[in-house]
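As structure tokens, the structure follows; a few thoughts come after it.
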Amino acid sequence: MRNSIADKITRFVSLLQEGLFLLPVILVPTVFTTFNTHTIVMKETVLQATAASLLLLLPFAWRLESRDARPPAQIVPRGLVFLLAGLSAYLVASAYGVSGHPRSAHELLRWVAYMLFATAAFFFAARPRRFRMFLHATVLVSAAISLYAILQAYEIEFFLDWKTFDFGGGIRRVTGSLGNPDYLAGYLAALLPLTLTLALARTGWARLAFFIVTILQGAALIFSFSRGAWVATAVTLMLLAASLTYVNWVRDPVLFRPGITRRGALAALAGMALLGVGLTIGLWDEISAMVLRFAQVEEDTSVATRPFFWRGAAAIWLNHPWLGTGLGTFPLYFPAFRPKELAFHLPFQEFFVEHAHNEYLEILAETGAIGLFLYLALVVSTMVYIWRSLIRYRSHDNLELLGLWSGMLGALIHNLFTVTLRFTPSAFLLWSFAGIAAGRSAALRADRKEPSPWGRGLFHLVSVMFVPFLFLGGLQYFVGDFMIKSGIKWISELDENQSLEYNRSRLEQTFTALNQARVLAPDHPESLFYLGVAYHKVMDYHQAIEAFTALEELQEDFTTNRLNLGISCLKLADLVGTHTAIRFPTLARDCLQEAAAWLEKAIESDPNSPDYRYFAGRAYFYLGEFQTAEQLFQDALRLHVKRPFKNKIDPSEIQHYLDQIQQLHPPQANPPRNQNP
């Protein structure tokens, strides 16, 4: 009776552990992502809460499994453990010692979640059944996402189409459930090699099913029109083919089951050639679009701007070569190092740059040479560990291990051109692939060596310490982000409903939600930004200036924050002074001087913005500095020809100011500005 109860408990814990492990495998890619942060944070929260639950459950599950007649055995690689511990310690020091910014703490939470989930995956892969369960679930989810992306390519959309990605010729870039074509492409670039190796390793209907999924993934990848992912996938598949050739025909001809004969390989190549010809004829329009996509390299803004991002990231690193600026702080330091020419490609509201579009340059800028070395040392050592295992030890799992190894390589190559590893689906794949493949490799080695029990015990002892950090931190940021989204929604409702009582109630809710969000998610600049917008709507310009000033301290030059500060100061001067006289009361004049100072900073950050010069001209006009105002207005009109106004500014209004300046003829002229737009 006692044994029966113990068996049921063991079975229940095992099922619970498997369910928790598969939860992020299913939800992280399938939770529908929009271009706000809410669903992105939801994916992070799912991963963090799951990782925390697994860490709590693992010691109990291991204790129960150790009572089995044949408990799972693994050789814990001490070198990888030391590298992982070293990278973790360095990231903590970078977040709290080098930076101390709230953004660093949030970024650290993400890194810790990825690394601890990878470690949990390492132990999860000790049993072959669980290893295959992870692979099959991952590929099955990707099949659904790929099919949905293909339907999007033919304008079959089941969800709200909040944004359309196109590049001319009526061709639409698909996103699947990931919200961005590049995110989808990065996700599929990592999965295609794995699915292909699963097809090669299976027989009969299973092989056919995996080949169909491979075709679906390839089609979705093509329809994403992500050039970086195409290049990464092509390189990865060539390396996979070379690896298969070496391992199966040169190193050990009977390593894989079923064996891949030369005759079978030639037949497969012939079939693929015929399939390629058929697809070329049937999908000629799509292939023409691919050629067009590559032909637009010189004209494409995303390609033209990336060298500027890379130059800025390199400049940040050269100024902080060893320790960097701190984890997650790239967007905080980039405005001071960005090339001025970038303003022609990313003007005005689109000028905010959050990532370097090269994962390794961004890590280098944030964590310095030491951080990049530790990161690459861990990744490369893990891949070498997996490769040596599949070369040295015969196993039916080796082909899948090679697919996981190639998938990691595809994700790493793709991030030479982008930063999809900064987003949960691609980062989750990389770290889970690393953990599950290293864990299975360790299990293969345990068949030849005596496993050491110290690794599991030490991991369980240390990992439990991270549970409160993961669970409470993830929940805190999720609630804070939800508060921000609620505040944004209520602000939009103010313009739709003109009832005074309704608006008063909504404003109270908005201010409460956004102030709570400042505490719960202190790294999110949106809470301060929309708090300033809400105060601006009710004409409380003093509070709006305080919110925008706090935003400037949190994240310098966030989108148009300096312009918002300048306009708010102008509005406040309008309340306390009068625009009908040349001289202002002291308070109004102080507000105008503050407005001019903020708008001068805005012009420094983006010298080619006509909007900045227009509002700065207004500030100087009401200060009585007419020559400065005149030059700013003329510059605004000249810049407007190449770059239209964004704030519904009528050029005739600027001409009206210029006419007034001509009529006033101030007695003392101010020295002209020495600025050439």
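Across Val235, Val28, the residue with the most accessible area heads the list, and the full order at a 1.4 Å probe is Val235, Val28. Accessible area ranking (1.4 Å probe, heavy atoms, ligands and nucleic acids excluded), largest first, for Glu107, Glu362, Glu604: Glu604, Glu107, Glu362. Accessible surface for Phe373 stands near 140 Å², nearest 10, in the context of the full protein assembly shown (1.4 Å probe).
Label positions at Ile26 and Ala336, each projected 7 Å from the Cα along the C-beta direction, are separated by 4.8 nm. Straight-distance candidates among the lysines for linking to Lys43, with alpha-carbon spacing under 30 Å and chain neighbours fewer than 8 residues away dropped: Lys163, Lys485, Lys489. Applied to the range 528-538, the Karplus parametrisation 6.51 cos²θ - 1.76 cosθ + 1.60 on θ = phi - 60° returns per-residue 3J(HN,Hα) values of 5, 4, 6, 5, x, 4, 5, 5, 5, 5, 9 Hz, with x for Gly and Pro. Excluding same-chain neighbours fewer than eight residues apart, the lysines reachable from Lys601 by a Cα-Cα span under 29 Å are Lys340, Lys537, Lys571, Lys642, Lys646, Lys648.
Using θ = phi - 60° in the Karplus curve 6.51 cos²θ - 1.76 cosθ + 1.60, the 3J(HN,Hα) couplings for the range 192-203 round to 4, x, 5, 4, 5, 5, 5, 5, 5, 7, 9, 10 Hz; x is entered for Gly and Pro. Spin-label pair Gln663-Leu637: with each label point 7 Å from Cα along the Cα-Cβ axis, the two points sit 1.6 nm from one another. Estimated at the nearest 10 Å², the accessible area of Ile370 is 70 Å² with a 1.4 Å probe. Leaving out ligands, DNA and RNA but keeping every protein chain, what accessible area does Trp317 have, in Å² rounded to the nearest 10, with a 1.4 Å probe? Here the residue's solvent-accessible area equals roughly 70 Å². Extending 7 Å from Cα along the Cβ direction at Val380 and again at Gln655 yields two label points whose distance is 6.5 nm.
The values are calculated or read from the model by the stated rules, or taken from the named source; none is laboratory data. Bear in mind the structure is a predicted one, so any value in this text is a computation, not a measurement. Reconstructed Cβ throughout: ideal geometry from the backbone, glycine too, with neighbour counts over all protein chains shown. Keep in mind that these areas ignore ligands, DNA and RNA; they rest on the heavy atoms of the full protein, side chains included. Shrake-Rupley method; radii C 1.70, N 1.55, O 1.52, S 1.80 Å.
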